[in-house]
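The values are calculated or read from the model by the stated rules, or taken from the named source; none is laboratory data. Keep in mind the model is a prediction, meaning the values are calculated, not measured. Don't worry about glycine lacking a Cβ; one is built from the backbone with ideal geometry, like all the others, and counts go over all protein chains shown. These accessible areas exclude ligands, DNA and RNA; they are computed on the full protein's heavy atoms, side chains included. Shrake-Rupley method; radii C 1.70, N 1.55, O 1.52, S 1.80 Å.
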Amino acid sequence: MNTTDQPGTPGRTDSPIHIRGLQKRFGALEVLKGVDLTVARGEVVVVMGPSGSGKTTLIRCMNLLEEPDAGTVAVCGCSVECGDRARRRERARQVREIRHRTAMVFQQFNLFPHLTALGNVAEGPLSVRRMPRADAEALARRLLDRVGLADKAAEYPARLSGGQKQRVAIARALAMEPEVVLFDEPTSALDPELHAEVLQVMRELARDGMTMVVVTHEVEFAREVSDRVVFMDGGVVLEEGPPREFLSRPAHPRAQAFLRLVAHDLPEEGADDEGPDKPTRWERAS
C-alpha cells in the first residue's frame, strides 16, 4: 500500500511530494488558492512565475516553514491535513518527520557567520542527526569536495564569494541526506557571473537522481535540466508541462508575457526544435 494513503505514516514512495488543495493567506491577501502538485521520485520540477505569484510560499509550505490554512501536504509518505492544529503533539512529530526528509536552499544562504564552511556543513549532522564529530566532519569534507570547495573548508562565510556561500549551503542541505531538496531562487542574490558555478552543482544533483523542486527564473536551467515546468500566477498553477513544450510554445497568455520578459532567446512559435532534447519524465511515460 502507498504510505501516502496513511496520514502521518512516513515511508518511501514513488511520488515523494503530493500537494492537494493548498490554501494560504496572509491577512486579507490570499497567496495560494487551492494548489495541486505531485512530484515523482527523481524528478526535477522548476516553478516559475512573476513576483507575488505564490511560488516561494508554495515550497515553504512543502516543508511547513509556512503553515497552510487548508489542504493536504504529503512529503515522503508523511501526510498532514492543514488547518487543523488541535493535535499539537502529533503535528509537531509530523513536521519533524517532513523536515528530516527534505532540505531547503534559500536565496540568502543563511550560513552561520561564526562557523567555518566545514562547521556549517557539519552542524546539522552534529545537532540533529547526533553523529559523532569525527563522522560529521568527514561527511562535511566529502560534501564540500562534491561542490568543489574542499580547499575552503576552514574559511568563514565573510571570506567566501556569493557563489561559494551558496555551494556551502547546498552541501549543508545534502548533509542531512534528504530525499527531496527545495531551492528558493538559489541564484537570485548572486552576481550573474556567479550563477554558473551554483547551477553546475544543481545539474550534477539532477544527474545523480535527486528529487528537486526549484523556484527560479533561470530559463536555460529549466530547459536543460528540468523534467517539468510549473507556471504560477495569482496563487494558482496556470500551466505546466515538459520544458521544451512550455518554453517554446506556452499556451496561457500570462505565461507568454512572463517568458517574453525573462527569456530573449525563445524560438518563434512554430519554429523547429534544434536537435534532440533529453526525454522528460512526462515524455518517457507517454
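Could you count how many residues in the stretch 58-72 are surrounded by fewer than 24 Cβ atoms within 10 Å (Cβ to Cβ) and without any contact (Cβ under 8 Å) to a residue 60 or more places away in the chain? Residues flagged as surrounded by fewer than 24 Cβ atoms within 10 Å (Cβ to Cβ) and without any contact (Cβ under 8 Å) to a residue 60 or more places away in the chain within the stretch 58-72 amount to 8. Evaluating Ala103 against the criteria (1) over 19 Å from Leu65 (Cα atoms); (2) open to solvent by less than 30 Å² (accessible area, probe 1.4 Å) leaves one unmet condition, (1). Look at Leu139 and say whether it is touching a strand residue (DSSP E or B) at 6+ places or on another chain (Cβ under 6 Å) and either at pLDDT 95 or above or of a type in the set (S, T, N, Q) (or both). Answer is no for this residue. Those strands (runs of 3 or more DSSP E) of the stretch 1-115 in which at least 1 residues are at pLDDT below 90 and of a type in the set (D, E, K, R), considering only elements entirely within it, cover 78-82. Reported count of residues in the stretch 116-131, each being out of contact with any Leu (no Cβ under 8 Å at 6 or more places or on another chain) and modelled with pLDDT under 95, is 6.
In the stretch 235-254, the residues that are within 21 Å of Ile59 (Cα to Cα) reach residues that are of a type in the set (S, T, N, Q) and surrounded by 18 or more Cβ atoms within 10 Å (Cβ to Cβ) with C-beta atoms within less than 6 angstrom, at least six apart or across chains, in these pairs: Pro242/Thr280; Pro243/Ser226.
Scanning for something among the β-branched types (Val, Ile, Thr), open to solvent by less than 60 Å² (accessible area, probe 1.4 Å), in contact with a Leu (Cβ under 7 Å, 6 or more places away or on another chain) and in contact (Cβ under 8 Å) with a residue 24 or more places away in the chain, does the stretch 157-171 turn up at least one residue? The answer is yes, given that some residue of the stretch 157-171 is among the β-branched types (Val, Ile, Thr), open to solvent by less than 60 Å² (accessible area, probe 1.4 Å), in contact with a Leu (Cβ under 7 Å, 6 or more places away or on another chain) and in contact (Cβ under 8 Å) with a residue 24 or more places away in the chain.
When the test is whether a residue is at pLDDT below 95, surrounded by 14 or more Cβ atoms within 10 Å (Cβ to Cβ) and not charged (D, E, K, R), Leu194 passes it. Taken residue by residue, the stretch 115-122 has no member that is open to solvent by 30 Å² or more (accessible area, probe 1.4 Å), under 30 Å from Glu43 (Cβ atoms) and among the β-branched types (Val, Ile, Thr).
The residue pairs whose first member lies in the stretch 191-207 and is under 17 Å from Glu43 (Cα atoms), whose second member is charged (D, E, K, R) and at pLDDT 90 or above, and whose beta carbons are closer than 6 Å, counting only pairs six or more residues apart or on different chains, are Val201/Arg167.
The sole residue among Glu185, Glu177 that is modelled with pLDDT under 95 and open to solvent by 50 Å² or more (accessible area, probe 1.4 Å) is Glu177.
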